[in-house]
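Each value in this text was obtained by applying a stated rule to the coordinates, not by laboratory testing. Values in this document were obtained by computation on a predicted structure and should not be read as measured data. Don't worry about glycine lacking a Cβ; one is built from the backbone with ideal geometry, like all the others, and counts go over all protein chains shown.
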Amino acid sequence: MSSADQYFIEENVRKSGTSFFWGMKRLPKEQKRAMFALYAFCREVDDIADEKNLKKKNKLNQISVWEKKINSIFKKKNFKDSLSKELLEAVKKFDLNKSDFISIIKGMKMDINEDIKFPSKKKFELYCDRVAVAVGYISINIFGIKSSEGRNYALNLGRAFQITNIVRDFKEDANRSRCYIPINYLKKYKIKKNLKDLCNSSELNLILQDLLEEANFYFLKSNKISLKLDSKKIIASETMKLFYETIHQKMYKKKIDLDKRVKLNFYEKLKIFIKIILRG
């Protein structure tokens with residue numbers, strides 16, 4: 001496998017400017033390489049789903065190309081592009097499951113086929129499981145954890161991450177005519193099934209706090225499960241958990257300013273890295 005392909009993918013992840021790059025840096029070489037390939041794949045299909053200048057038909061065509069690539073990767077075919085080659089290497093080295101990659105693609109298709117608004121609780125969980133939990137399942141395999149406890153850890157962490165993202169990105173999603181807030185929360189506060197009404201509602205922050213409470217539930221469950229797992233194997237996921245927990249806490253039980261996307265500053269990130277280093 002060409003080191004040029006590996007370098008190309010790693011550089012793309014680094015240039016994305018997310019905390020993910022630094023969260024994975026302490027992994028052993030081959031695990032880090034596989035995680036960077038996974039991130040690049042997720043970024044690729046997510047960008048297709050979110051591209052404003054692409055028509056629905058073109059988005060579906062591009063996603064279908066990736067679905068075919070995933071099928072070919074699991075048939076161990078050869079590729080010319082760097083990302084497919086790096087994914088193939090990860091699949092072979094860590095015995096990854098095709099169904100998890102297909103779940104991610106199905107999650108992107110949910111965004112493309114419909115501007116999701118006020119889903120049922122069941123559909124909300126399905127969406128979270130496809131776009132976030134499936135990523136967690138792949139990650140856990142790369143980290144060398146094959147147990148049911150590991151998958152349960154990934155399930156709870158994935159839902160916590162995704163719900164935190166949904167709250168943080170509420171306004172950005174609303175501008176795309178999307179709203180992932182489940183319909184049961186609107187019913188609770190007697191708000192009409194209308195995005196404009198929700199955005200103008202004085203109850204909006206209460207609804208977002210309810211979602212953050214749900215995310216907190218999943219964070220706490222993942223914390224308990226993590227105690228049963230090999231701490232050295234989950235150091236990368238625990239690093240990402242600290243990033244997301246910090247973002248979560250900056251919104252939880254507070255009045256959220258939706259005009260300012262919550263981010264971590266340099267000192268908050270540094271504090272997280274020091275905490276992880278001290279954990280050993």
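On a 0 to 90° scale, report how tilted helix 98-113 is relative to the longest principal axis of the chain, with both axes built from alpha carbons and the result rounded to the nearest 10.
Compared with the principal axis, the helix lies near 40 degrees.
Is there a quick way to get the dipole size of segment 1-97? I mean about its Cα centre, with the Cβ of Lys and Arg at +1 and of Asp and Glu at -1; what is the value in debye to the nearest 20?
Working: 22 positive and 14 negative charges, 38 e Å.
Dipole about the Cα centre, nearest 20: 180 debye.
Each label point is 7 Å from the Cα along the Cα-to-Cβ direction; what then is the distance between the points at K187 and R14, in nm?
Each label point is offset 7 Å from its Cα along the Cβ direction, giving 5.1 nm.
Relative contact order of the chain: what whole-number percent is it, with Cα pairs under 8 angstrom and at least 6 residues apart?
Working: 296 pairs, mean separation 50.2, N = 280.
Value for the chain: 18 percent.
With axes computed from alpha carbons, what is the tilt in degrees of helix 29-50 against the longest principal axis of the chain, rounded to the nearest 10 within 0 to 90?
Tilt relative to the chain: about 40 degrees.
Could you please rank T239, T246, placing first whichever residue has the fewest other Cβ atoms within 10 Å of its Cβ? Provide the component values of the computation, followed by the final result.
Values: T239 23, T246 16.
With the sparsest Cβ surroundings first, the list reads T246, T239.
Which order, highest average first, do 269-275, 9-15, 227-233 follow once you tally other Cβ atoms within 10 Å for each residue and take the mean per peptide? Write down the numbers at each step before the final one.
Values: 269-275: 14.4, 9-15: 16.1, 227-233: 12.6.
My ranking of the peptides, most packed first, is 9-15, 269-275, 227-233.
Segment 133-180 to segment 182-206: how many Å between their Cα centroids?
24
With the cut-off at 1.5 for a/c, could you classify segment 210-260 from its C-alpha gyration tensor as rounded, prolate or oblate? The partial results should precede the final answer.
On the way: a/c = 4.42, a/b = 1.99, b/c = 2.22.
Since a/c reaches 1.5 but b/c is at least a/b, the shape of segment 210-260 is classed as oblate.
Taking neighbour Cβ counts within 10 Å as the exposure measure, how do K80, K187 sort from fewest upward? Each step should come with its number before you reach the end.
On the way: K80 6, K187 11.
Arranged by neighbour count, lowest to highest, K80, K187 become K80, K187.
Can you bin the chain into rounded, prolate or oblate? Criterion: square roots of the alpha carbon gyration tensor eigenvalues sorted a ≥ b ≥ c, rounded for a/c under 1.5, prolate for a/b above b/c, oblate for the rest.
Cα axes put the chain in the oblate bin.
How many nm is it between the label spots at I276 and K255, if each spot is 7 Å from the Cα in line with the beta carbon?
Using points 7 Å along Cα→Cβ, the separation is 3.5 nm.
Using +1 at the C-beta of Lys and Arg and -1 at the C-beta of Asp and Glu, which of W22, S82, I9 has the Cα lying farthest in the positive direction of the dipole of segment 1-97?
Projecting each Cα onto the dipole axis, the largest value belongs to S82.
Rounded to the nearest 500, what is the 222 nm mean residue ellipticity of the chain from helices alone, with -39500 (n - 2.57) per DSSP H run of 4+ residues and division by all residues? List each step's numbers first, then the result.
Values: 15 runs with 198 residues, N = 280.
Helix-only estimate at 222 nm: -22500 deg cm²/dmol.
Shape call for segment 1-97 from the C-alpha gyration tensor, a ≥ b ≥ c root eigenvalues: rounded (a/c under 1.5), prolate (a/b greater than b/c) or oblate?
Details: a/c = 2.12, a/b = 1.26, b/c = 1.69.
Here segment 1-97 falls in the oblate category.
Taking Cα atoms, how many degrees apart are the long axis of helix 148-168 and the longest axis of the chain, rounded to 10 and kept between 0 and 90?
Taking the Cα atoms of the chain, the angle to 148-168 is about 50 degrees.
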